[in-house]
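Trainee: This is the structure, below, for whatever I ask next.
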Amino acid sequence: MSKDDRFDPQRRSEIRQLLIETVNATPRRRRNRHMILTVAVIVVAGLTATGTAAVALNGAALFGQPAPVTAAPAATVTPPPTPHTPQPTAAPTTTAPVDTKPHISTPTTRFTAPSWGAGVTTKLTGLSADSAYSLSIDSRYRGESKIPGGYFSQFSTAVVFTTDDAGNATVTWTPDVFPRNFTDSGESGYLLGSYIRVDEGSSPRNDNSTSGIIVPIAVSDQLSLSFLPIDDVQVKPAACVEPDQLIGDGSGLAVTITGLLPNEYVMVSGQQTNTLGLYYFLDMGYADDWGRITLFARNTSPDTTIPTSASIEPAQWRLIWSGNYRVTPTAAHPDGSLPLTVGNC
């Protein structure tokens, strides 16, 4: 007989009935103890019959469900933060903007008066494609304008050029005039600077604006110019001049100048040194083919007369001369200034 045959369902029922009858026939004190023994027998029987799993089930059935055991919360482990190594940011790739505005690249050559050397080479960009424009030298002079920074311009004869299909051009030309240090335009002032300018059409055009000239399409940086030394020129005024020679139809102060360039424009003026601007006399003209000229300075203002007193000292008067292509005399370096005797000759 196998151990499973010993406790078949019928056999179990008979044993259970026998136990119930025995308990009922036993006194109460003994019944409790007998109940304990009975439970022990049942536990042993169950252990023998079905193993540990049966004990767990029958024990629960006999004594009720035990209180649920609350599992302790699992400890939350926070992983350490992963160190972040910053990655180098690549510099953004930028493309240099293309300058589409009209622009003039000026030559770096220093031009020595009155020669342009091999000519003026100018690179132009940003203009309209396949279009005609003009180039000229714009020489600016201090004028009589009351506008701050005002000036007047003298232009070389313009040269016409045509751009390519990209709006660019490179032009080399020899202007017909060199910027002059002192202008013969009829307005006073030394040269402020010379520039290359580009205009529409065949030349700069006049308009009704304050400047009198239409604003150019583009203007270059100032050209680098060198002028001739003033010491190469000899100026010989008359030793003395009487006041009546300088007034009206008088013979004037004779001034002979040599060492000039052929056709160089010059101007001479006599000024009082103690009252500058009160009165002056002057003459101007062009040297001949040998660089010589004789000028006769006279009073240009009939409303102002030269004092006729014989007590005027030579130091109170001076003769100043200026040339187109000469270094401009200044108060600190009065190379073109000579003492002059007026009266008491």
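What follows draws every value from the coordinates through simple rules; no lab data is involved. Please read all numbers here as calculations on a predicted model, not as lab measurements. Positions of Cβ are generated from backbone atoms using ideal geometry, with glycine treated the same way; all protein chains shown enter the neighbour counts.
Trainee: For residue 254 and residue 174, compute 0.36 nm times the residue count separating them, minus their Cα-Cα distance, and round to one decimal in nm.
Mentor: 25.1 nm
Trainee: Is segment 148-263 rounded, prolate or oblate when judged by the Cα gyration tensor, a ≥ b ≥ c being the square roots of its eigenvalues, rounded requiring a/c under 1.5 and prolate requiring a/b larger than b/c?
Mentor: Working: a/c = 3.28, a/b = 2.09, b/c = 1.57.
Judged from the Cα gyration tensor, segment 148-263 comes out prolate (a/c at least 1.5, a/b above b/c).
Trainee: Cβ under 12 Å from residue 130's Cβ, residue 130 left aside: what net charge do those residues give with Lys, Arg +1 and Asp, Glu -1? Present the calculation step by step, with values, prior to reporting the outcome.
Mentor: On the way: positive: none; negative: 164, 165.
Its environment carries a net charge of -2.
Trainee: Give the calculated FRET efficiency between residue 273 and residue 112 to the nearest 0.05, with a Förster radius of 22 Å applied to their Cβ-Cβ distance.
Mentor: Working: r = 33 Å, r/R0 = 1.51.
Working from the Cβ atoms, E equals 0.10.
Trainee: Just to be sure I understand: if I project the alpha-carbon convex hull of segment 215-270 onto a plane and average over all orientations, what area do I get in nm²?
Mentor: For segment 215-270, the mean projected area of the Cα convex hull comes to 7.7 nm².
Trainee: Which residues in segment 146-169 have a backbone N closer than 19 Å to a point placed 7 Å from the Cα of residue 131 along the Cα-to-Cβ line?
Mentor: Taking a point 7 Å out along Cα→Cβ of residue 131, the residues of segment 146-169 whose backbone N falls under 19 Å are 159-169.
Trainee: Distance in nm between label sites at residue 263 and residue 239, each 7 Å beyond Cα in the beta-carbon direction?
Mentor: Each label point is offset 7 Å from its Cα along the Cβ direction, giving 3.9 nm.
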